[in-house]
1. Kindly check whether there is at least one residue in the stretch A:220-235 that is of a type in the set (Phe, Trp, Tyr) and away from every other protein chain (no Cβ under 14 Å).
2. If you check B:LYS27, B:LYS35, which single one turns out to be away from chain A (no Cβ under 13 Å), away from ligand 2 (no atom under 16 Å from the Cβ) and within 22 Å of B:ASP213 (Cβ to Cβ)?
3. Do you know which residues across the stretch B:39-60 are touching a Lys or Arg at 6+ places or on another chain (Cβ under 8 Å) and small (Gly, Ala, Ser)?
4. B:SER94 - would you say it is touching a helix residue (DSSP H, G or I) at 6+ places or on another chain (Cβ under 6 Å) and either within 14 Å of another protein chain (Cβ to nearest Cβ) or at pLDDT below 95 (or both)?
5. Failed condition for B:GLY89, given (1) surrounded by 18 or more Cβ atoms within 10 Å (Cβ to Cβ); (2) part of a loop (DSSP other than H, G, I, E, B), with all others met?
6. Only one residue in A:VAL62, A:VAL102 is crowded, with 16+ Cβ neighbours inside 10 Å, in contact (Cβ under 8 Å) with a residue 24 or more places away in the chain and within 43 Å of the chain's Cα centre (by Cα). Which one?
7. Which one of these does B:SER115 not meet: (1) under 28 Å from B:ALA208 (Cβ atoms); (2) facing another protein chain (nearest Cβ under 10 Å); (3) surrounded by fewer than 17 Cβ atoms within 10 Å (Cβ to Cβ)?
8. For residues in the stretch B:169-181 being of a type outside the set (Val, Ile, Thr) and within 17 Å of the chain's Cα centre (by Cα), which is farthest from ligand 2 (Cβ to nearest atom)?
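The values are calculated or read from the model by the stated rules, or taken from the named source; none is laboratory data. As the structure is a prediction and not an experimental result, all values here were calculated from the model. With ideal geometry, Cβ positions are generated from the backbone for all residues, glycine too; neighbour counts draw on all protein chains shown.
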Amino acid sequence: MRSENRALWQSVYLVIVVAFCAVVYASSKHINYNWNWQRVVPYLINTEPQSVRAPFDGTAKVSTDDKTLTLVPDAGGEPVVVKKFSAISVNDGDLIFEGDQVATISNWRIGPITEGMITTLEISLASLVFAVIIGLFIGLGRISRNLAIRQLCITYIEIIRGTPLLVQIFIFYFFIGTVLSLDRFTAGVASLAVFTAAYVAEIVRSGIQSIPPGQMEAARSLGMTYVQAMVNVILPQAFKRTLPPMAGQFINLIKDSSLVSVISITDLTKAGREVVSATFAPFEVWFTVALLYLVMTGALSWMIQRLEKKLAASD
Amino acid sequence: MHLQNAEDIIIAKDVDKIYPNGCHALKKVSASIKKGEVVVIIGPSGSGKSTFLRTLNQLETISSGSIVIDQVDMYGKNTNINKLREHVGMVFQSFNLFPHKSALHNVMMAPLKVSKRAKSEVEEHAKALMKKVGLAERMNNYPSQLSGGQQQRVAIARALCMKPKIMLFDEPTSALDPEMVGEVLDVMKSLAKEGMTMVVVTHEMGFAREVADRVLFMEDGELLVEDTPDKFFHNPTHPRLQRFLSQVL
Ligand SMILES: Nc1ncnc2c1ncn2[C@@H]1O[C@H](COP(=O)(O)OP(=O)(O)O)[C@@H](O)[C@H]1O
Ligand SMILES: [Mg+2]
């Protein structure tokens with residue numbers, strides 16, 4: 001494409017994006033919505049100073065250089081030196097009562113939305129690892145020469161792909177989870193892994209079948225066993241070809257993980273719901289949550305793209 | 001001839017092959033091949049040449065009959081087919097190099113993974129073979145960076161690195177541009193001179209005449225003629241061979 005055309009369509013794109021944002025903004029004005037992004041921040045990172053409270057009734061002693069704070073109990077006994085604080089909230093000689101704030105510590109804590117995001121990451125990562133392992137074996141079983149293995153794998157794939165994930169999560173949590181006494185997190189990870197594995201299996205199968213049969217024949221003719229040929233010749237090549245569809249599947253996994261909030265796992269989505277009821281700032285919260293999902297999925301697809309580039313060396 | 005007293009290293013008896021789709025590809029094929037012998041198989045397309053060659057390392061199983069390789073019954077109860085294949089190298093029409101490995105690592109893979117030989121020894125052997133096939137300069141290239149003729153020579157080196165007793169070639173030059181056929185045939189000729197037992201399916205009549213100890217003619221799944229190249233090409237008696245030769249020569 002010629003360069004002036006490029007610039008033209010680039011600006012068309014920008015105009016459309018800006019117009020879309022303006023429409024969103026205008027519609028919120030239309031329903032008298034007051035945007036207040038400030039309210040979301042503490043739920044991401046809480047910078048509010050924490051109080052240091054007096055453990056007993058007594059007197060505060062502050063050194064002249066404001067560096068040490070000592071609390072002397074009324075009831076007698078050893079004075080207590082407050083060690084960690086960033087600002088003293090009492091004056092020298094003040095009477096203090098048990099539970100009074102005597103100092104503050106500025107302390108960065110992660111807010112509930114960030115905690116939810118970490119939970120989402122943990123769940124996604126754990127289920128991804130299991131999904132790949134299960135999916136690899138189901139995918140290999142799917143093309144096994146043994147009829148029983150092949151049919152078992154097909155049945156697995158058909159059942160999992162033919163039922164909604166939400167229903168599977170409920171079955172895992174209420175039925176399998178109860179039988180095996182799994183906790184929520186395990187049940188959530190298990191259902192996501194089992195679900196994603198069915199799709200991974202199909203990706204693995206088509207990846208393996210896309211490798212020309214001559215590769216397996218060459219490997220076997222050199223004396224390799226089926227397993228050696230798979231491990232050294234077929235799978236490394238299939239792996240490269242399956243990366244793009246795998247990336248898509250992993251991104252789906254991160255998004256699908258939002259469904260585990262139905263079994264009361266406080267993931268990013270559930271955290272968002274809780275924060276909405278605390279802040280009454282639904283638009284800001286949900287936009288933030290969406291952005292955080294986008295960051296996670298974007299980072300993942302970026303990593304996989306880099307891996308693809310690296311593996312392209314032999315092409 | 002120099003081979004007269006050599007022992008048979010391949011003995012195929014009454015080999016029948018019926019593919020699952022019902023295609024009767026081999027009909028009672030019997031052939032014996034001596035140690036150090038170079039046997040060329042020719043015949044029209046679809047006559048069962050590849051099928052026969054592939055039964056010799058069990059890439060295809062046979063429907064009935066028997067095959068004995070180096071005194072080991074291929075279908076014996078205690079026969080380890082992987083072990084047997086280690087000594088039967090195969091070169092394919094479409095090279096089938098492993099595209100994710102460099103040329104040198106293509107050659108080194110099986111000796112390392114299958115024979116579990118020491119890495120330094122395998123590397124030395126592989127480099128010597130790469131030199132032998134004239135590709136000392138291209139060892140670190142990936143297959144996609146090599147010409148067809150070069151790829152096929154790497155494939156030959158790959159098979160040789162397993163120290164095979166028998167080499168099978170299935171139309172090794174058919175996928176090559178004409179100008180690259182010679183370089184592959186030269187490697188095969190030098191291999192024949194060194195006394196390698198070779199079974200070669202090819203349309204290169206010149207190679208058959210020059211290098212073969214014996215030429216076999218197959219048609220319709222049957223082995224019709226077995227003869228020295230001299231009689232085979234200059235005094236063919238079988239009418240179907242006469243017809244075939246008149247078409248191709
Ligand atoms: N995998 C297969 N399944 C079914 N039929 C096959 C298969 N491979 C070859 N055939 C059939 O067997 C016959 C012999 O084929 P092939 O051995 O490849 O002949 P050639 O190598 O002499 O051209 C042909 O009729 C072919 O169609
Ligand atoms: Mg053929």
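1. no
2. Numbers: B:LYS27 fails: within 22 Å of B:ASP213 (Cβ to Cβ).
Answer to the check: B:LYS35.
3. Those that are touching a Lys or Arg at 6+ places or on another chain (Cβ under 8 Å) and small (Gly, Ala, Ser): B:GLY43, B:GLY48.
4. Working: touching a helix residue (DSSP H, G or I) at 6+ places or on another chain (Cβ under 6 Å): yes; either within 14 Å of another protein chain (Cβ to nearest Cβ) or at pLDDT below 95 (or both): yes.
Considered against the rule, which asks whether it is touching a helix residue (DSSP H, G or I) at 6+ places or on another chain (Cβ under 6 Å) and either within 14 Å of another protein chain (Cβ to nearest Cβ) or at pLDDT below 95 (or both), B:SER94 comes out as yes.
5. (2)
6. Details: A:VAL62 fails: within 43 Å of the chain's Cα centre (by Cα).
It is A:VAL102.
7. (1)
8. Looking at residues that are of a type outside the set (Val, Ile, Thr) and within 17 Å of the chain's Cα centre (by Cα), I get B:LEU176.
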